[in-house]
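Structure first, then comments.
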Amino acid sequence: MSSSYTGNVEPGGEPDVRELPGLRITKLSVGPMDNNAYLLECVSTGDLLLIDAANEAPRLLELVGGRPLSAVVTTHQHMDHWVALEEVVAATGARPLAHPDDAEGLPITTSPVVEGDRIPVGDCALEVIHLVGHTPGSIALLYRDPSGTPHLFTGDSLFPGGVGNTHDDPEAFNSLIGDVEHKLFDALPDDTWFYPGHGKDSTLGAERPSLPEWRARGW
């Protein structure tokens, strides 16, 4: 694992790159809402996948660098996560993927991915985890590194300091906190590193002690 990776990126700034034995993760922040986009590259095959073509298509395409892009996964239907989707797909021919419960909110037709699906990135794979609450079709993507720490891309469902915004809807909050506790914290170890849709990364272990506080405060 690259010791220089921090995950701290800013709109207009340089990407940060994490080198795993099998997978290269490039994190880029795009404006105007400081969205994170993640380009994943299989080290052995060179296959590429993009998580959230959020905005600034020219910068995302510069990361791709004219190489074949197999897929673009949209973590949820909110517009700030797909402004560049049409342009990136048109330029690369990548297959757009999203959960069907959020597909109607997206600007182009997407192929469905649901709970338990495995999305290939060359010799690597991402497991789809459905987390209901921020939106009906929000998903997280899990890479189980055979050599060590799991890596989890959480969209806007989990951040350092709490779960995603549920807009003061108690039903949506209870659904999201329940899914996050059961499907993420109960299922994965503390050293799981997670990459959210905005801002800095964290680990499940760093956030786990705060779960009772999050549930008590209701957001």
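Since every read-out is calculated from the coordinates, none of them should be taken as a lab result. Quantities reported herein were computed from a predicted structural model and do not represent experimental measurements. FYI the Cβ positions are ideal-geometry reconstructions off the backbone, even for glycines, and counts take in every protein chain you see.
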Quick one: if you stick a label point 7 Å off each Cα along the C-beta vector at Asp123 and Ile108, how many nm between them? 3.0
For segment 42-102, state what percent of all Cα-Cα pairs lands in each successive 10 Å bin, counting from 0 Å until the bin that includes the largest distance. 24, 56, 19, 1
Tell me the relative contact order for segment 16-217 as a rounded percent, counting alpha carbon contacts under 8 Å between residues six or more apart. 15
Taking just the alpha-carbon atoms of the chain, what radius of gyration and Dmax come out, in angstrom? 16.0, 48
So if I place +1 on the C-beta of Lys and Arg and -1 on the C-beta of Asp and Glu, and nothing else carries charge, what would the dipole magnitude of segment 1-152 be about its Cα centre? I want it in debye, nearest 20. 320
Counting DSSP beta bridges with both partners in the chain, what percentage is antiparallel, nearest 5? 70
Check: segment 133-219 dipole with +1 on Lys, Arg Cβ and -1 on Asp, Glu Cβ, in debye: 100
Just grab the label-to-label distance for Ser210 and Thr6, each label 7 Å out from Cα along the Cβ direction, in nm (one decimal). 1.9
Going residue by residue through segment 210-219, the Karplus relation 6.51 cos²θ - 1.76 cosθ + 1.60 with θ = phi - 60° gives ³J(HN,Hα) values, rounded to whole Hz and with x marking Gly or Pro, of 8, 4, x, 5, 4, 5, 5, 7, x, 7
Residues meeting the amide H criterion for Gly155 (H placed from the backbone, H to H distance under 5 Å, 5 or more places apart or on another chain) are Gly197
Among His167, Gly133, Phe185, which residue has its Cα furthest toward the positive end of the charge dipole of segment 16-217, with +1 on Lys/Arg Cβ and -1 on Asp/Glu Cβ? Phe185
